[in-house]
Amino acid sequence: MKATAAAPPGAAGPPAARPGPGSRPRTRTRTRGRLARLSAGNATAYLGGGIVAATVLVALLAPLIAPHDPLDTDPAAIGLGLFSDGHLLGTDEVGRDILSRLMYGARMALLVAILPTLLALAVGGCIGLFSGYVGGWVDSVLMRIFDVMFSFPGILLALGIGVALGPSTTSLIVAVVVVTIPEFGRIVRGNVVSLRQEQYVEAASALGYGHGRIAFRHIAPNLLGGVVVFATLQTGRNVILSASLAFLGLGAQPPTPDWGQMLSGGRALLVTSPHVATLPGLAVVVLAVGFNLLGDGVRDRLDPRSRRSRAAKKDDRAADGGKTGDAAC
Amino acid sequence: MLTFILRRGLQMIPVLLGVTVATFGLGQIIPGDQATALLGPTSSEEDRAALRADLGLDEPAVSRYFTYLGNLFSGDLGRSLSFGRPVSEVLSERLLNTLLLSGTAIVVAAVLGVAIGTWAAQKPGSVRDRGLTVGVLFLNSVPSFWLGLVLIVVFSLQLRILPATGMTSIAGGGALDTAAHMVLPVITLAAWSLAVIARMTRSAVLEVIDNDYVQTARSRGIGEFHVVVRHVLPNAMPSVVTVIGLQAGFLLSGTVLTETVFSWPGVGLALQQAISSRDIPLVQGGILVIAVAFVLINMLVDVAQAYFNPKIKLA
Amino acid sequence: MNVLDVAHLEVTHPGHDHDSSLTTVRDVSFRVAAGESLGVVGESGSGKSQTMLAVLGMLGRAGATVSGRVTFDGTDLTALTQKQLRGIRGSGIGLVSQDALSALNPAMSIGKQMAEPLIRYDGHNRRTAADRCAELLQLVGIPAARERLRAYPHQLSGGMRQRVLIAMAISREPKLLIADEPTTALDVSIQSQVLRLIDRLRRELDMALVLITHDLGVVAGVTDRIAVMYGGMIVETASTAELFDAPGHPYTRALMQSVPRMDRKPGDRLPAIPGLPPHPSAPPPGCAFQPRCTLARDECGDSVPLLAEPDPARAGHLVRCPVTAPVPAEGART
C-alpha cells in the first residue's frame, strides 16, 4: 500500500558483469571503491569499539584505579567542584567521589545494557526462529502477540513491569528483556522466512535432515551477521532505556553507584554544582555513542549495500538507463 | 475510504484488548501478597482482608479480568493509593497538559525533521548531509532527561532567560507565560524524534527525487522548490508519516521523563510519583491511557497514509 | 532557420572514484530546422537520452559536466542560469518521456498535473486552466476529457497515459518537442496510433520534433532526417529516405538487418549484432563499434574516425567510418 512508485523497470539491472573490453578497468574501480568504504566503516567501528572497550576496561579495573571508595561519604565535602583537591571530578550530594562512582557505575551500566540484549536475543531469537520456521497459524498467533507488545511504547511497559516487581536491578533487567523480545523476534523471524526459500535450505530438507538440524545448523548461522548488528544497536538503546528507568528510581537502589540514579540524585545540587547531575549523563551519552558507532560500523562492513546503492544507481543512469530493451539483440 | 477506516477500526479491537490484558497483568505479577504490597507491611490484617475483598483478590484471575474490563468500560480505573482519589480523576485533569506538551513537540519535530531531511537530501554526500548523519547519531545517543537537565543549567540557571520548571509562574501569567515554560520541555521531548524523522525523510526523499515524474515536472519548467513540495514530498510522505506516527506515540510515553525533569503537571509526572509510592492502580491507569492513545495515533497514521495514496483513497 | 543547433556536445559524469568518470556523450553536433523532424536512433546506452537531457540543462543535479554549445531559437542555452533555463523548459521545448506510468506523479490527478505550470507561469486561473487541459486532452484523442481530468494515473491505460504525457508536453505550445522512446512501453497496436498522433500534432502545431528511439522502424515513416548514435557519438546522419536507401555505417546496416520485415520467411532468425555496446567507463580504442564490426580492420582501433561526407552527390549524408566511407581530401566535418 505504498504510494511511492516503484523504480522504473530495469533500473535495477546494473551493467555489472559485462564481458569484453569494458570489464577490466571497472573491476578495478569497484574493488578500490569497496576498500575505501571498508576503511570508512572500519573507522566508525574502531572508534565505537574503542569507547566500548575502554568502558569495559574501566569497569573491570574500577577497584584498582578508582581513587576513593565509591560509597565513602564525607559530610564536610558536599558538592565539591571539578578539579577539587583529591577529587578530580568533585563530590556528589552526600560527599562521595564522583570519579570513583562513575568508574564503578560503568559496571552497572554495562550489565543493564548487555545482559538484557543477550537474554532478549536468546528468548526472542528462539521464538523468531521457531515462528518463522514453522509458519502457518503458530506464526500468525505469535506475530499478533508481538503486535500487541509493539502497541505499547517500550519504556511504559518496562516501567509498569519495574513498578510491579518492585525496584531492583533484577526487575529492571527483566523489564528491558520483556520489551525487547519482540524486536529480536521480528528481526529473526523475517530473516528466517526469507532464508527458508534459499536453495541450500530446501536441499537440506530434501536430504531428509531433521527440523532441529536444519533450523540450527543451516538457518541460524546465516542469521548471525544481521543479528549481531541489531544486537549492538539495541545495546546502545538499552544503555539509554536502562538509564531512564534508573533515573525514575526503578534500577539499582542507592547507594549502589549507577549513572542514571546518580543523575537523579545530583538534581538536588543543580543550582550550585550542575556537574554532579550532568557528568553521569555525559557518561551515558558516551557509552551510547560507542555502541551506536560500533553497530553502524559493523553494519557498513557487513552490508556494503547501504553505502553502495547511490553510486551504483548513478552508474546506471549515466549508462542511459538500461531502461529500454536492447535494440538489435 | 470509509470502508478502509471502518476495517482499520475493527482491527484495533484485539490490540486494545491485548493492552487491557497487559495492564491487568501488571497487577498480577506483584510478588507476594498483593494487599500487603499495596498497603505496606505495617497495615493491619483487617485492612488487608478488606482490600482483598474490595479488589476481589480471592476470585480466579479470569473472572477478575472481566470485572476489570467491565470497570474500564464504565470509566472506572480504580482508586489511586497515593492521591486517595479515583485514578480517572487524577489522570483526566492532567491529560490536557500532557497532550499540549507532546502535541507541540511532535509538530515541532515533524516540521523541522521533514524540512531538515529534505534539505539534506538535496545534496547527498555534501557537508550538510554528513552533518545530518552525525547529528542524528548524536541526538539518538542522548537520554532526554539529561538533555533536559543541560538545557535547564544553560538557559535557566546560567543565562536566566527561560523558566526551568512548572507550567506557569507562581505569580501567574497568560498564554505567553505558559509558552515560555514550554520551550525547554518541548525541545527536550522533540529532539530524539526530530532526529529520527529527519533521517527517515532524507532516505524517503532520496528514493523519490530521481523518479521519472520528478524529471517530468522539471522538464516542464517547474521551479525546484515547487518540484520538491508538490511532486517529491507527497510521494515520500507514506514512510515519513509512519515514522511521525510512531514517534508521536514514543513522545507520549517520553513525557514520563521530560515531565519529571521539568515538573510539568501532566500524566507523566503523576506516573513518576506513582512509581515512588508504588501506586499500582495509578501506574496501570497511566499506562493504559497512554497505550490507548498510542493505538489511536497508529490508526490515524494509517488513515493519513491512505489519504496520501489515491489508490486507497478512491477505493 | 534552425530551432535547435547542438555543436560539439560532450557530457561527462564524475565517477564515485577519481578515475572512473564516464563520458556518455562525445562530440555530438546536429541541427533541427523549424518544423523539421529528426529521428535519433541507437541502442540503450548510446547516449541519446543523455544528449536530450543535456539540451534541457537537466543533468546538473546528477553532477555531470556538459561542454559544447546548445543554441535554441537563437539563445545559447549553455550560458543560461537554471532559472532562465526553466523559462525555456516546457514553454520552448516540450519533453515526452518513455514510460508514462513512472513519468506521471501517482499522487496527483491528471488535471492538477497538467494545469500546474499553466497556473503558475502562464497566467491561467483554475477554471481557464481546466478548460485548456480538457481541450488538450481532446486534441490528443482522449474521449470524455473533462471527466478524465479528475482521474489518477493508475486509473488510465498505458496508451491513455502516453497521450496525457504528450498533452502535457505540448500544453505550453513549445517550438520543439523531444519525444524520448514514446512508444517503447506500449503494445504494438497502440504504438502506431501514438506515433501518428505525434506526427499529426507536429504538423498542426508547427513544431520541430526530435524523436528518440532504439527502433529504426519507428522513425521510418515519421521523421525527415535520422541521426544514428553509437557509443555516445553520432555515427551516421542522413535524410530518412537516403539512410534507408544507402546506409553507410556498418552499425546502421546491422540495425537495418535486425528490423523485422514482412518479406522474411517464417522461421528465419532475426540477425542480431553480436556482442554488447561499450560501457562509457571503458570505451574501446578508436572506433566505438570496431569490436563488434564485421568489417573492422587494424587501423579502426587507432583513432576515432571523423564524421565525413563520402559522396559529394549525396550532400548531408555523413558517415563516421573510414572503411565504408573513406574521408575525402577536403574532410567535410560538421
Going through (1) surrounded by fewer than 22 Cβ atoms within 10 Å (Cβ to Cβ); (2) within 25 Å of A:Val285 (Cα to Cα) one by one, B:Gly125 fails only at (2)
Of those in region C:273-305 that are hydroxyl-bearing (Ser, Thr, Tyr) and farther than 15 Å from C:Gly47 by Cα, the residue nearest to the other protein chains (Cβ to nearest Cβ) is C:Thr294
Of all residues in region B:134-153 being facing another protein chain (nearest Cβ under 9 Å) and among the β-branched types (Val, Ile, Thr), the one that is surrounded by the most Cβ atoms within 10 Å (Cβ to Cβ):
B:Ile152
Output the number of residues of region C:224-257 satisfying the condition of being surrounded by fewer than 24 Cβ atoms within 10 Å (Cβ to Cβ) and in a loop (DSSP other than H, G, I, E, B).
3
Selection count, region A:144-177, where residues are more than 14 Å from A:Arg237 (Cβ to Cβ) and without any contact (Cβ under 8 Å) to a residue 40 or more places away in the chain:
17
Residue identified as within 13 Å of another protein chain (Cβ to nearest Cβ), within 26 Å of B:Val267 (Cα to Cα), modelled with pLDDT of 85 or more and part of a helix (DSSP H, G or I) among B:Thr20, B:Thr104:
B:Thr20
Among the numbered conditions (1) of a type outside the set (Phe, Trp, Tyr); (2) part of a helix (DSSP H, G or I); (3) surrounded by fewer than 18 Cβ atoms within 10 Å (Cβ to Cβ), tell me where B:Ser82 comes up short.
(2)
Would you point out which residue out of B:Thr36, B:Thr42, B:Thr3 is modelled with pLDDT of 75 or more, more than 17 Å from B:Val295 (Cβ to Cβ) and not aromatic (Phe, Trp, Tyr)?
B:Thr3
Considering only region C:61-75, I want to know if a residue exists there that is more than 8 Å from chain B (Cβ to nearest Cβ), under 27 Å from C:Arg26 (Cα atoms), over 19 Å from the mean Cα position of the chain (by Cα) and in a helix (DSSP H, G or I).
yes
Test C:Thr24 against the stated conditions and say whether it is of a type in the set (S, T, N, Q), more than 9 Å from chain B (Cβ to nearest Cβ) and either under 16 Å from B:Gln215 (Cα atoms) or part of a strand (DSSP E or B) (or both).
yes
C:Ser91 versus (1) among the small types (Gly, Ala, Ser); (2) farther than 30 Å from C:Glu36 by Cβ; (3) assigned to a loop (DSSP other than H, G, I, E, B): which is the lone unmet condition?
(2)
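Helices (runs of 4 or more DSSP H) wholly in region A:167-285 with at least 3 residues that are surrounded by fewer than 23 Cβ atoms within 10 Å (Cβ to Cβ) - which ones? Steps first, please.
Details: elements: A:169-196, A:199-206, A:220-247, A:259-266.
Answer list for region A:167-285: A:169-196, A:199-206, A:220-247.
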Criterion violated by B:Val127 - all others in (1) under 30 Å from B:Gly245 (Cβ atoms); (2) in the same structural domain as B:Trp264 (by TED's automatic domain parsing); (3) at pLDDT below 90 satisfied:
(1)
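Yes/no matrix, rows are residues, columns are (1) within 7 Å of another protein chain (Cβ to nearest Cβ); (2) closer than 20 Å to B:Met12 by Cα; (3) in a loop (DSSP other than H, G, I, E, B):
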| site | (1), (2), (3) |
| --- | --- |
| B:Trp264 | no, no, yes |
| B:Gln273 | no, no, no |
| B:Pro281 | no, no, no |
| B:Val292 | no, yes, no |
Residue list for region C:108-162, filter: surrounded by 17 or more Cβ atoms within 10 Å (Cβ to Cβ), part of a helix (DSSP H, G or I) and small (Gly, Ala, Ser):
C:Gly111, C:Ala115, C:Ala129, C:Ala130, C:Ala134, C:Ala145, C:Gly159
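So, in region A:159-177, exactly how many residues are touching a helix residue (DSSP H, G or I) at 6+ places or on another chain (Cβ under 6 Å) and within 10 Å of chain B (Cβ to nearest Cβ)?
Going residue by residue through region A:159-177, those that are touching a helix residue (DSSP H, G or I) at 6+ places or on another chain (Cβ under 6 Å) are A:160-165, A:171-173, A:175-177.
Retained after the next criterion (residues that are within 10 Å of chain B (Cβ to nearest Cβ)): A:160-165, A:171.
So the count comes out to 7.
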Just to be sure, is C:Gly94 of a type in the set (Gly, Ala, Ser), touching a Lys or Arg at 6+ places or on another chain (Cβ under 6 Å) and closer than 25 Å to C:Arg163 by Cα?
no
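The values are calculated or read from the model by the stated rules, or taken from the named source; none is laboratory data. Since the model is a prediction, treat every value here as computed from it, not as a measurement. Reconstructed Cβ throughout: ideal geometry from the backbone, glycine too, with neighbour counts over all protein chains shown.
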